[in-house]
Amino acid sequence: MKKGRKMEDQIQTNVVEKEDVQLKEPKMWEVRLHNDDYTPMDFVVLVLKLVFNKTQKDAEAIMLKIHKSDCEVIGKYTYEIAETKVMQTKFLNEKYEYSLKCTMEEEK
């Protein structure tokens, strides 16, 4: 320490001014499963349980909705999570050799 100066005088402090930052909610993406004539219902239930963390009862109910319609929104997620869900479904399709279509679309 230099003579004649107090330690407090030698310490430099940086003052950061408070900025008024506005945070935005992230955009949400809808993940959909599409009906087809080739994928067994049991496989759709498996995907709903493994990828989308649905219970057996919920997975069966959703599977029936998909079966009766063209497609069904399974969940709404941020982009990265939605993309992961789609990729996990594609992985299971390849593993079990099915063609269940899973897509994502920005929420309107």
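The values are calculated or read from the model by the stated rules, or taken from the named source; none is laboratory data. Everything numeric here is computed off the predicted structure, so don't read it as measured data. Glycine gets a Cβ as well: all are built from the backbone with ideal geometry, and neighbour counts include every protein chain shown.
Computed quantities for the displayed model
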read-out	value
Residue in segment 35-43 that is in contact (Cβ under 8 Å) with a residue 60 or more places away in the chain, outside any strand (DSSP E or B) and aromatic (F, W, Y) present	yes
Residues of segment 88-108 satisfying the condition of being in a helix (DSSP H, G or I) and either of a type in the set (S, T, N, Q) or in contact with a strand residue (DSSP E or B) (Cβ under 9 Å, 6 or more places away or on another chain) (or both)	Q88, T89, K90, N93
Condition check for Y77: aromatic (F, W, Y) and under 23 Å from E106 (Cα atoms)	yes
Filter result for K24 (on the phi < 0 side of the Ramachandran plot and either among the hydrophobic types (A, V, I, L, M, F, W, C) or exposed (fewer than 15 other Cβ atoms within 10 Å of the Cβ) (or both))	yes
Residues satisfying the stated conditions in segment 49-87, i.e. of a type in the set (K, R) and part of a helix (DSSP H, G or I)	K49, K57, K65, K68, K85
Filter result for K27 (touching a Ser or Thr at 6+ places or on another chain (Cβ under 9 Å) and not in a strand (DSSP E or B))	yes
First in segment 96-108 and at pLDDT 95 or above, second anywhere and surrounded by 13 or more Cβ atoms within 10 Å (Cβ to Cβ) and of a type in the set (G, A, S), Cβ under 7 Å, 6 or more apart	M104/A82
Residue among K49, K27 that alone is over 27 Å from K108 (Cβ atoms) and within 21 Å of the chain's Cα centre (by Cα)	K49
Qualifying residue in segment 3-11 (condition: of a type in the set (S, T, N, Q) and at pLDDT 95 or above)	no
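Residues checked against (1) under 15 Å from the mean Cα position of the chain (by Cα); (2) at positive phi; (3) not aromatic (F, W, Y):
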residue	(1), (2), (3)
K68	no, no, yes
Y77	yes, no, no
E83	yes, no, yes
M87	yes, no, yes
E107	yes, no, yes
